[in-house]
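Student: One structure is given below, represented as structure tokens, and several questions about it will come after.
The values are calculated or read from the model by the stated rules, or taken from the named source; none is laboratory data. Just so it is clear, the model here is predicted, and its values are computed rather than measured. Every residue, glycine among them, receives a Cβ derived from its backbone with ideal geometry; neighbour counts consider all protein chains shown.
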Amino acid sequence: MKFSFLKFLIILFLLSNPVFATDDEVDLSFYTGTFDVIDKEGDDQTHLIGLEHKNPNLFRETFLGKLSPVTGGFITGKDSVYLYTGIEGQYGIGPLKILPSFTPGFYEKGSGKDLGSALEFKSEIKIGLDIFENSNIGYSYSHISNNEWGDTNPGTDNQQINFSKKF
């Protein structure tokens, strides 16, 4: 099944629609980077582009720190798609933010790498810097795998540059 970029944008628009946010506050992150950055053969490595949505009003203080739900997705240069939802922590030292997250999701390989299952899990760490009021730029590194629940579990490591803005 070839998953078109237009379908991907429509799904992300619906996921990030401000109607899901209270008080009309939305935190959107746009990112781009490299999919399968450690691919030894080089045949699965490609670029990716994605969008992520957070509702700042849903941040909660817990014994683990400040946590929030996160939803998003990306598409690769080989039409692989990953749509996810999960939880993200937020820790800060002044303008520096450290954002670890865990997000289960749906993966469709398109003409790209077969990760072995439609259900995949993404663990990610983002490091960001507040650059303007309500804006952040950062770097993230993620690993996606199916925890041996699929037929195979090759996994993939990805790196991205992120730009986040609260609207």
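Student: Working only within the range 82-98, note down all residues that are free of Cβ contacts under 8 Å to residues at least 40 places away in the same chain and over 10 Å from the mean Cα position of the chain (by Cα). Break it down stepwise before answering.
Tutor: Keep residues of the range 82-98 that are free of Cβ contacts under 8 Å to residues at least 40 places away in the same chain, which gives 84-96, 98.
Answer for the range 82-98, where residues must be free of Cβ contacts under 8 Å to residues at least 40 places away in the same chain and over 10 Å from the mean Cα position of the chain (by Cα): 87, 88, 89, 90, 91, 92, 93, 94, 95, 96, 98.
Student: From the list 13, 30, 5, pick out the single residue that is at pLDDT 55 or above, touching a Leu at 6+ places or on another chain (Cβ under 8 Å) and on the phi < 0 side of the Ramachandran plot.
Tutor: Working: 13 fails: touching a Leu at 6+ places or on another chain (Cβ under 8 Å); 5 fails: touching a Leu at 6+ places or on another chain (Cβ under 8 Å).
None of the other options fit; the residue is 30.
Student: Now a separate question. Would you confirm whether or not the range 115-134 contains a residue that is more than 15 Å from the chain's Cα centre (by Cα) and either surrounded by 21 or more Cβ atoms within 10 Å (Cβ to Cβ) or under 20 Å from residue 77 (Cβ atoms) (or both)?
Tutor: Within the range 115-134 (the criterion being more than 15 Å from the chain's Cα centre (by Cα) and either surrounded by 21 or more Cβ atoms within 10 Å (Cβ to Cβ) or under 20 Å from residue 77 (Cβ atoms) (or both)), the answer is yes, since at least one residue qualifies.
Student: A further question on this structure: Name, by its number, the condition in (1) surrounded by 14 or more Cβ atoms within 10 Å (Cβ to Cβ); (2) part of a strand (DSSP E or B) that does not hold for residue 91.
Tutor: (1)
Student: Filter the range 99-118 for residues that are in contact (Cβ under 8 Å) with a residue 24 or more places away in the chain and not in a loop (DSSP other than H, G, I, E, B); which is farthest from residue 138 (Cα to Cα)?
Tutor: 108
Student: So, of the residues in the range 48-98 that are acidic (Asp, Glu) and in contact with a strand residue (DSSP E or B) (Cβ under 6 Å, 6 or more places away or on another chain), which turns out to be nearest to residue 32 (Cα to Cα)?
Tutor: Among those residues, the one meeting the criterion is 52.
Student: Do you know which of the residues in the range 55-73 that are under 19 Å from residue 160 (Cβ atoms) and in contact (Cβ under 8 Å) with a residue 60 or more places away in the chain is surrounded by the fewest Cβ atoms within 10 Å (Cβ to Cβ)?
Tutor: From the range 55-73, those under 19 Å from residue 160 (Cβ atoms) are 68, 70-73; that's our starting set.
Next, from what is left, pick out any that are in contact (Cβ under 8 Å) with a residue 60 or more places away in the chain: 72-73.
Working: 72: 25, 73: 22.
My answer is 73.
Student: Continuing with this model, one more query. Taking residue 152 and the conditions (1) polar (S, T, N, Q); (2) surrounded by 15 or more Cβ atoms within 10 Å (Cβ to Cβ); (3) farther than 17 Å from residue 56 by Cα, which numbered condition does it fall short on, given that it satisfies the others?
Tutor: It fails just one condition, (2).
Student: Any residue that is in contact with a strand residue (DSSP E or B) (Cβ under 8 Å, 6 or more places away or on another chain), in a strand (DSSP E or B), at pLDDT 95 or above and under 16 Å from residue 27 (Cβ atoms) - is there at least one of those in the range 140-152? Don't jump to the end; show me each part of the working.
Tutor: Taking the range 140-152 first, the residues in contact with a strand residue (DSSP E or B) (Cβ under 8 Å, 6 or more places away or on another chain) are 140-147, 149-150.
Next, only the ones that are in a strand (DSSP E or B) stay: 140-145.
Narrowing further to those that are at pLDDT 95 or above: 140-145.
From what's left, under 16 Å from residue 27 (Cβ atoms): 140.
Among the residues of the range 140-152, at least one is in contact with a strand residue (DSSP E or B) (Cβ under 8 Å, 6 or more places away or on another chain), in a strand (DSSP E or B), at pLDDT 95 or above and under 16 Å from residue 27 (Cβ atoms), which makes the answer yes.
Student: Hey, does the range 66-83 have a residue that's modelled with pLDDT of 95 or more, charged (D, E, K, R) and either touching a His at 6+ places or on another chain (Cβ under 9 Å) or assigned to a strand (DSSP E or B) (or both)?
Tutor: No; the residues of the range 66-83 include none that is modelled with pLDDT of 95 or more, charged (D, E, K, R) and either touching a His at 6+ places or on another chain (Cβ under 9 Å) or assigned to a strand (DSSP E or B) (or both).
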